Structures are given as C-alpha cells and as structure tokens.
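For reference, the structure is listed below as structure tokens.
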Amino acid sequence: MYEYLSGLVTIVQPNYIVVDVNGVGYRLLCANPYRYHVDLHKTVKVFVYQAVRDDDISLYGFADSDEKELFVQLLGVSGIGPKSALAILANPDHQGLVDAIANNDVSYLTKFPGIGKKTAGQIVLDLRERVQKMPTGPLLRLNDQSVDEDNPALADALAALKALGYKEREVKKLAKRLAQTDAKTTDDYLRAGLKLISQ
C-alpha cells in the first residue's frame, strides 16, 4: 500500500521512529533507528513496508529502496517473519549479508538472533540466485575491523554516520577516536562523532 513516506522525524526510539506527515505521526519499526537521530525535526524520505496480520498492522521503515527490497526478499523465506528480517538487517554490513547468501556461508547467517542452521540453509536456498541479481551498491556497509564487536552502541553510531553520507574513510578514522571517549550510548557516540567531523 505504501512505497515511502516523506515527513518530519519527531521521535527516535531504540526500535522505531515517528515520522509526521501532514500532522499524522507514523510509527515505523526500523533496523537502526539511530541513523535518523541527526534528522530530528527535519524532513526525510523513508521507504515503507506494511505488514498485516490478523491481530496487528505494522509499518517498517528503510533508508532506501534496496534495503527495503532485501527485507522483502527475507520475508519470502520460510521461517522468517518481519521481526527476524529486521533483526538481520540491524547488522550494518548488508553487503556482507548478501555475500554470505551468495557464497553459501551458513555459519555467517547463524550469527543472527533466532537463525539456526536449518533456517540459514533455507535463506541460502531461497535467495542465492535472487541476491546475485540485486543492485547492492547503495546498501549500507560498515567493514571496519577496528570496531569492537562487544560495543554495539559504537557500531550503531558509525553505521548512522555512514547512512548520513559520510565516507567510509572518515568513519574509520573516527572509530578509534570515539572508542577512547567517555561515550556510552549510541546517542553519545553519534554526537561526539558529529562534533569531531565538524572540527
């Protein structure tokens, strides 16, 4: 029903954002809501997928059409629902996900919450040929080994910076500096990162 919404970001929460479109607030579940933190009170364009069940109607938001397409493809896999697909996309390395599917890397896929070997194998079986035809250039990618895997707040902040259009080289330089700050939350890291970039 919806392709995208264009409106004002009014709320950013750990699991969702609210976009005000002509006075109506749309609650959009997102893989990485904090990418929109710097867009608070600014007009954004968010691609949308509407999931309808017997007891629930939810809207899912995406930074671009490619991310939405990857979400839709995941939904087509037996055993993968909207929440599981969103959890998979929470990893900012979407190109790594596509590569893992294309290369039958089941061990990579089982790292995601709720994805066992059987489901991982089903993902590869159902999507291997499809992902090879997908345009993956605009998909977010954060391939920085210097980021501590035990610091998801920092990883989310760096992904948000890349989503804002900052070059990977700039983000990589920031990673080590941000890791040495007193920041604890994604918001803290994001604010510190934007401050360092503007210096």
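The values are calculated or read from the model by the stated rules, or taken from the named source; none is laboratory data. Keep in mind the model is a prediction, meaning the values are calculated, not measured. Glycine also receives a Cβ, built like all others from the backbone with ideal geometry; neighbour counts cover every protein chain displayed. The area values use the complete protein model at the heavy-atom level, side chains included, leaving out ligands, DNA and RNA. Shrake-Rupley method; radii C 1.70, N 1.55, O 1.52, S 1.80 Å.
Strictly over 27 Å apart at the Cα level, which of LYS162/LYS184; LYS117/LYS176; LYS45/LYS195; LYS118/LYS184; LYS162/LYS195 would you flag in this model?
As for pairs spanning more than 27 Å Cα to Cα, those are LYS117/LYS176; LYS118/LYS184.
Ratio of Rg to Rh for segment 17-114, alpha carbon only, Kirkwood?
That ratio equals 0.99.
Any chance you could tell me what percent of the C-alpha pair distances in the chain go past 25 Å?
38
Can you pull the percent of the chain's accessible area that's carbon plus sulfur, 1.4 Å probe, other chains left in place?
On the chain, the fraction of accessible area on carbon and sulfur atoms equals 46 percent.
So what's the gap between the Cα centers of segment 60-81 and segment 7-46, to the nearest angstrom?
19
At 7 Å along Cα-to-Cβ for each site, give me the label-to-label distance between ASP182 and THR110 in nm.
Between ASP182 and THR110, the label points sit 4.3 nm apart.
Just grab the label-to-label distance for LEU40 and SER198, each label 7 Å out from Cα along the Cβ direction, in nm (one decimal).
Label at LEU40, label at SER198, 1.3 nm between them.
Looking at LEU125, LEU28, ALA63, which one has the Cα that reaches farthest to the positive end of the dipole of the chain (charges on Cβ: Lys, Arg +1; Asp, Glu -1)?
ALA63
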